[in-house]
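Visitor: This structure is in structure tokens; I'll ask about it shortly.
The values are calculated or read from the model by the stated rules, or taken from the named source; none is laboratory data. Note that the structure is a prediction, hence the values are computed from the model and not measured. All Cβ positions, glycine included, derive from the backbone under ideal geometry; neighbour counts span all protein chains shown. Calculation scope for accessible area: heavy atoms of the full protein, side chains included, ligands and nucleic acids excluded. Shrake-Rupley method; radii C 1.70, N 1.55, O 1.52, S 1.80 Å.
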Amino acid sequence: MPLLEDGRLRPDDWTSIEDEAPLPEGPAIVSLARLRAEADALAGRNAPLGVALSPETQPEEVAPFLDRLALVAVCLPKSKDGRAFTQIRALREHHGFTGEIRATGHVLPDQYAMLLRCGVTTVEVPESTDPATWTRSRDTIRIAYQAAQSADRPLSLLRRKLELA
Amino acid sequence: MNALTYPPHARTYRYDEIDREFLQERIAEFRGQVERRLKGELTEDEFKPLRLMNGLYLQLHAYMLRIAIPYGLLNSAQLRQLGRIARRWDRGFGHFTTRQNIQFNWTRLEDVPAMLEALAEVDMHAIQTSGNCIRNTTTDEYAGASPDEVVDPRVYAEILRQWSTLHPEFTWLPRKFKIAITGSPHDRVAAQVHDVGVLAKRNARGEVGFEVYAGGGLGRTPIIARKLRDWVPEAEFLAYMEAVLRVYNALGQRDNIYKARIKILVRDLGAEFTQMVEREYERMPRDKYRLDPEIVAAIGAHFAPPPFAALQDQPLPEDREFRAWAAASIRAHKQPGYASVTISLKPIGGIPGDASADQMEAVADLAERHSFGEIRVTHVQNLVLPHVRQEDLFTLWQGLRAAGLATPNIGLISDIIACPGMDYCALATARSIPIAQQISERFADLDRQHAIGECFINISGCINACGHHHVAHIGILGVDKRGEEVYQITLGGSATNDASIGELIGPAFSYDTIVDAVETLIATYVAHRTAGERFIDTYRRLGAAPFKEALYAPA
Ligand code: HEM
Ligand code: SF4
């Protein structure tokens, strides 16, 4: 599936690997269980490594591996299930993760701005997606009333101007 | 209409250009979502949470639009506009709710954008009045007026409102989230039956801090909240709230709607929940979330005392009818020569919380003349004029009487809370409004009501408990028993400092016998009470036995 980054579609050069499947050459995303079990072997690979977290996973669980990871994927199994928002924020805020954070699953364009504010980099979107729907949604509301991970411009009181584009 | 036509001294939070820009952007967003839904780009499942977060519910007969009245505070221009909306787009009525909001029960989907525009003209909206997000914060209807107030809760309620508005992390919670805050030692907001309850207080140095409770709630599993902390310093208020919400968002149940409220998580984790919040609070970069004293001061300025005149307290006129109204409706004010006035939206036989467009306009006019243009909505579905000169009380009473708003029953047995029940609500298992109306008619004699004294009856039309029946002295819950509406009675509930959940007294009563049962309970109380005892006091002293016997003993 394509990825949305900075409001534009781009192809995904990562491969998600089943737990039992052999590892390919290029960038690979594995489960946390596999990452734990094969940490050293995976670190020895000569290609970027990513992990996919289930919504139940607490970000602390992946913390020991973060310095070896280029990507963390989180998942919204349903658009209403917002656990990923807390995972994303914690990865950035508590664990200082600076790599790609990717939102997968059932994500709505209406959630794009909030995901960006929590610290997401890319969103996995269906083939037929019109990126304009996403950018329009991202750019509709440009004022926020609370601190987040994005670089906002402070206005008076609690308010800030969003600069997500 | 704009802020220029607002009454100059009404202390509501005044929008500036930034807030207005935000509101316009939010309306534009919703308009876009409606268009995508109509074009089929959004499924109904995807659209539903989006419309709910804009206050739009689908009820039994029509859409209902629930409008936010932030912490129950209105100015007269806003109330007048609500009246206009009621007349133009509803059937001439609005319904004030226990969450200090207003609902229009006969909304047509195609009118919603125009209604939102009309609201925006007076800086109002329907944002986050529904959906699994942080809802309207409720507070004390006597804020800024009550003699026992230690901290003005409106300032922090407004800060919570702003902070929780479209919060990027907490808009897709497991379930709705309701915060109540009080600034007086006497809890008038039912803090302990909210997802988060906050008691603002001062330490010996006069600094503001907060006692924080979490995990209270009613619904099908009523629970009294757990105290998380005795003192959160003012500067750390938002940081601490973030910490509570983070733990809840990560761990709250999502697979079972009946177990998704924070109360279940707090109950299951117990002390561990507190520890998790504390741990999150300790490790977060607190500077980032610090609440600057300058911001508190700037928002606080919106709630500065209005220009009170230097007056003396004075005796009330002798008129007997006026005195009866005054005894029920007037409350002491911290400013000498002033009083707070509660306006009953519970006329005998009426629908609790309903107000007509004409009544809204009448109250707006009276508020302008007598209360600096300020109105409050109470969590028992009445209105309050917070700052009335005592010398104006008689004139005000006459004005209220002319508008059919002078029923002298505040705090008495006909001051009933009732949810919409089967008359409007798609989830109802029984009617609740007609029960309230019949009880009110049965006790129509106001002398008798005064003789009975303070007694709270709350009625819910199903187990979701929107009518707060668990925390009533006499709670009534309508349930469906093999196709028949029957009514369970709980006794001894309370929503104040001594919060308690009422106990089920015995088998349910039919629609035709429930009012008699209430009458029996009252007769039993009157027969057993000692001087000065309220219903709840007698119940607590004697327990359920005499009431049970009176209700169920074979005749
Ligand atoms: C007719 C439309 C309504 C529907 C469909 C509805 C639905 C619900 C549901 C499902 C719950 C239980 C939520 C839970 O425990 O997770 C609930 C709770 C509640 N509702 Fe309503 N409600 C409606 C109207 C109202 C009205 C008119 C009021 C105010 C008078 C109200 C006030 C409340 C309150 C205060 C609770 C809270 C109980 C708690 O926080 O534990 N609701 N409602
Ligand atoms: S208690 Fe039940 S019947 Fe009453 S409003 Fe709530 S959901 Fe509807």
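Visitor: Does segment B:192-213 hold any residues that are crowded, with 20+ Cβ neighbours inside 10 Å and farther than 14 Å from B:ILE224 by Cα, and which are they?
Guide: Within segment B:192-213, B:LEU199, B:ALA200, B:VAL208, B:GLY209, B:PHE210 meet the criteria.
Visitor: Any residue in segment B:213-224 that is in a loop (DSSP other than H, G, I, E, B) sitting within a Cβ distance under 9 Å of a residue that is of a type in the set (A, V, I, L, M) and within 14 Å of ligand 2 (Cβ to nearest atom)? List the pairs, counting only those 6 or more apart or interchain.
Guide: Close Cβ pairs satisfying both conditions: B:LEU218/B:ALA465; B:LEU218/B:VAL471; B:GLY219/B:ILE463; B:GLY219/B:ALA465; B:ARG220/B:ILE463; B:ARG220/B:ALA465; B:PRO222/B:ALA465; B:PRO222/B:VAL471.
Visitor: Kindly indicate whether B:LYS201 is under 23 Å from B:SER146 (Cβ atoms) and either within 14 Å of chain A (Cβ to nearest Cβ) or in contact with a His (Cβ under 6 Å, 6 or more places away or on another chain) (or both).
Guide: no
Visitor: Test B:ARG279 against the criterion of being open to solvent by 20 Å² or more (accessible area, probe 1.4 Å), over 30 Å from A:LEU155 (Cβ atoms), in the same structural domain as B:TRP163 (by TED's automatic domain parsing) and touching a strand residue (DSSP E or B) at 6+ places or on another chain (Cβ under 8 Å), and give yes or no.
Guide: No; evaluated as a whole, the condition is false for this residue.
Visitor: I would also like to ask the following. Residue check: is B:GLU454 among the acidic types (Asp, Glu) and more than 14 Å from B:ALA328 (Cα to Cα)?
Guide: No: the conditions fail for B:GLU454.
Visitor: With the condition kept exactly as written, say whether any residue in segment B:239-252 is within 16 Å of ligand 1 (Cβ to nearest atom), touching a residue at least 24 places away in the same chain (Cβ under 8 Å), assigned by TED's automatic domain parsing to the domain that holds B:LEU173 and within 20 Å of the chain's Cα centre (by Cα).
Guide: no
Visitor: Across segment B:133-162, what is the total count of residues that are surrounded by fewer than 24 Cβ atoms within 10 Å (Cβ to Cβ), part of a loop (DSSP other than H, G, I, E, B) and within 14 Å of chain A (Cβ to nearest Cβ)?
Guide: 1
Visitor: For segment B:163-191, give me each residue that is within 14 Å of chain A (Cβ to nearest Cβ) and open to solvent by 20 Å² or more (accessible area, probe 1.4 Å).
Guide: Residues satisfying the conditions are B:LEU166, B:ARG175, B:LYS176.
Visitor: While we're on this one: Hey, any hits in segment B:194-204 for a residue that's under 16 Å from the mean Cα position of the chain (by Cα) and away from ligand 1 (no atom under 15 Å from the Cβ)?
Guide: Checked against the condition, which is being under 16 Å from the mean Cα position of the chain (by Cα) and away from ligand 1 (no atom under 15 Å from the Cβ), segment B:194-204 yields at least one hit.
Visitor: If you don't mind, another one. Please work out which residue is nearest to B:GLU149 (Cα to Cα), limiting yourself to segment B:289-323 and to residues that are at the interface with chain A (Cβ under 10 Å from one of its Cβ atoms) and free of Cβ contacts under 8 Å to residues at least 12 places away in the same chain.
Guide: B:ALA298
Visitor: Out of all the residues in segment B:74-94, which are open to solvent by 10 Å² or more (accessible area, probe 1.4 Å) and either within 11 Å of B:ILE375 (Cβ to Cβ) or within 12 Å of ligand 1 (Cβ to nearest atom) (or both)?
Guide: Listed by number, the residues that qualify are B:GLN78, B:ARG80.
Visitor: Hey, another quick one. Among (1) acidic (Asp, Glu); (2) open to solvent by 20 Å² or more (accessible area, probe 1.4 Å); (3) within 25 Å of B:PRO7 (Cβ to Cβ), which single condition is B:GLU318 missing?
Guide: Unmet condition: (3).
Per-residue answers, yes or no, for (1) in contact with a helix residue (DSSP H, G or I) (Cβ under 9 Å, 6 or more places away or on another chain); (2) closer than 20 Å to B:MET284 by Cα:
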site: A:PHE65; (1), (2): yes, no
site: A:CYS75; (1), (2): yes, no
site: A:PHE85; (1), (2): yes, yes
site: A:GLU100; (1), (2): no, no
site: A:TRP134; (1), (2): yes, no
site: A:ASP139; (1), (2): yes, no
site: A:ARG142; (1), (2): yes, no
site: A:LEU155; (1), (2): yes, no
site: A:LYS161; (1), (2): yes, no
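Visitor: Of these, B:ASP392, B:ASP365, B:ASP358, B:ASP445, which one is closer than 16 Å to B:ALA328 by Cβ, surrounded by fewer than 20 Cβ atoms within 10 Å (Cβ to Cβ) and more than 14 Å from ligand 1 (Cβ to nearest atom)?
Guide: B:ASP445
Visitor: Filter segment B:24-37 for residues that are out of contact with any Phe, Trp or Tyr (no Cβ under 9 Å at 6 or more places or on another chain) and without any contact (Cβ under 8 Å) to a residue 24 or more places away in the chain; which is farthest from the other protein chains (Cβ to nearest Cβ)?
Guide: Per the criteria, the residue is B:GLU35.
Visitor: Another question about this same structure. Being closer than 22 Å to A:LEU35 by Cα, touching a residue at least 12 places away in the same chain (Cβ under 8 Å) and open to solvent by less than 40 Å² (accessible area, probe 1.4 Å), is that true of even one residue in segment A:104-117?
Guide: So far as segment A:104-117 goes, yes, one or more of its residues are closer than 22 Å to A:LEU35 by Cα, touching a residue at least 12 places away in the same chain (Cβ under 8 Å) and open to solvent by less than 40 Å² (accessible area, probe 1.4 Å).
Visitor: Considering each residue of segment B:402-432, count those that are open to solvent by 10 Å² or more (accessible area, probe 1.4 Å) and either within 11 Å of ligand 2 (Cβ to nearest atom) or without any contact (Cβ under 8 Å) to a residue 12 or more places away in the chain (or both), and give that number.
Guide: Number satisfying all stated conditions: 11.
Visitor: If B:ALA126 meets every condition in (1) open to solvent by less than 10 Å² (accessible area, probe 1.4 Å); (2) within 16 Å of ligand 1 (Cβ to nearest atom); (3) touching a Pro at 6+ places or on another chain (Cβ under 8 Å); (4) away from chain A (no Cβ under 14 Å) apart from one, which number is that one?
Guide: Every condition holds for B:ALA126 apart from (3).
Visitor: Could you grab me the full set of residues in segment B:397-427 that are under 20 Å from the mean Cα position of the chain (by Cα) and within 16 Å of ligand 1 (Cβ to nearest atom)?
Guide: Within segment B:397-427, B:ASP415, B:ILE416, B:ILE417, B:ALA418, B:CYS419, B:PRO420, B:GLY421, B:TYR424, B:CYS425 qualify.
Visitor: Something else: How many residues does segment B:214-237 contain that are more than 26 Å from B:ALA465 (Cα to Cα) and open to solvent by 10 Å² or more (accessible area, probe 1.4 Å)?
Guide: Total meeting the criteria: 7.
Visitor: Moving to a separate point now. Here is a check on your reading of the model: is B:ARG261 modelled with pLDDT of 95 or more, surrounded by 17 or more Cβ atoms within 10 Å (Cβ to Cβ) and within 16 Å of ligand 2 (Cβ to nearest atom)?
Guide: yes
Visitor: I'd like the residue in segment B:38-64 that is away from chain A (no Cβ under 11 Å) and in a helix (DSSP H, G or I) and, out of all such residues, is nearest to B:ARG91 (Cα to Cα).
Guide: B:ARG51
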